[in-house]
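Asker: To start, I am sharing the structure in question, which I have written as structure tokens.
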Amino acid sequence: MGRPENCGNKVYYTEEIAEKYDNSSSLNNIQSRLTQKCLDILGNPTDSLILDIGCGSGISTEQIIDDDNYTIGIDISVDMLKLAKKRIGNITYGDQPADNFCDFAVVDIGEGLPFKSATFDYAISVSVLQWLAVQKDSKKLLNAFFFTLYDALKTDGMAVLQYYPESDKQMESIIMCASKYGFTGGTLVENQDSKKKRKTYLILEMAGAKGKSVHIREKKKARTFKKPVANKDLSYRDWIIRKKAKREEKGLEVPRTSKYTGRRR
């Protein structure tokens, strides 16, 4: 079976195929693992606005929200977005519906991203970039995408784009295209010796995020911090302790809790 991107996304993701995709437990698991890896590379941010590029049926969107972030999910497929809205519409956090924390839009990323400058803290995408890279006018499409992505991210923002390059040459051309608009960063390749298991992540840094490509430091937002609506009944200290517990469950290192936790310095 050929690669689906060679069919063109408007042709491939019909309503029937979108539903099959959403109902596939194996595809859901793969998508979830790849999304988590993208978030890990970003340093598992919280209380951030994240652009979910090519959100599909909302698998990645759900994970972003679950980590106490806000997100806008975009996709070219109307049928996929219908499934994403349905998925998110069935979730609540406390007494708050999950769709309080996200929005969706139909966007063809090859025509550029329609967002104001410096809107997003971060951006991720899973299995999307190759759809642009295989088109006849790929250079034009990639230029429009990277130019507007750079503009849409904040000055200390980052993007992690997981994709499946056809060749090393294609991968290099994508890196060159991104770099000419001001991005720095690089590529992380997992399971490089296995064609079947290989996973490629394009890590893009804005100027203010230089040197943070694997584990970025968390921003100190004590003076401007706003808790997500779902946590409005928690004190600032209790919210921090809750977040520490969630990060420990993921095996991440967290600072020791003390009597000073949650106090302004």
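Bear in mind these aren't lab numbers, they're just calculated from the coordinates by the rules spelled out. Remember, it's a predicted structure, so these values are computed and weren't measured experimentally. Ideal geometry is used to build each Cβ from the backbone, glycine not excepted, and the neighbour counts take in all protein chains shown.
Asker: Any idea what the relative contact order of region 4-209 is, in percent, if you count C-alpha pairs under 8 Å spaced at least 6 apart?
Answerer: That works out to 18 percent.
Asker: Determine the percent antiparallel among the DSSP beta bridges restricted to region 4-209, to the nearest 5. Walk me through the numbers on the way to the answer.
Answerer: Working: 15 of 35 bridges.
Of the beta bridges lying entirely in region 4-209, close to 45 percent run antiparallel.
Asker: Turning to a different aspect of this structure: If you restrict to DSSP beta bridges whose two residues both lie in region 18-122, what percentage is antiparallel, to the nearest 5?
Answerer: If we restrict to bridges inside region 18-122, about 15 percent are antiparallel.
Asker: Just to confirm a number: summing +1 for Lys and Arg and -1 for Asp and Glu over residues other than residue 104 whose beta-carbon lies under 13 angstrom from that of residue 104, what do you get?
Answerer: Numbers: positive: 82, 85, 86, 87; negative: 52, 62, 75, 79, 99, 103.
Once positives and negatives cancel, what remains is -2.
Asker: With respect to the cross-link table entries 136/195; 116/139; 82/195; 154/197, which display a Cα-Cα separation exceeding 31 Å? Write down the numbers at each step before the final one.
Answerer: Details: 136/195 25 Å; 116/139 23 Å; 82/195 33 Å; 154/197 33 Å.
Those over the limit are 82/195; 154/197.
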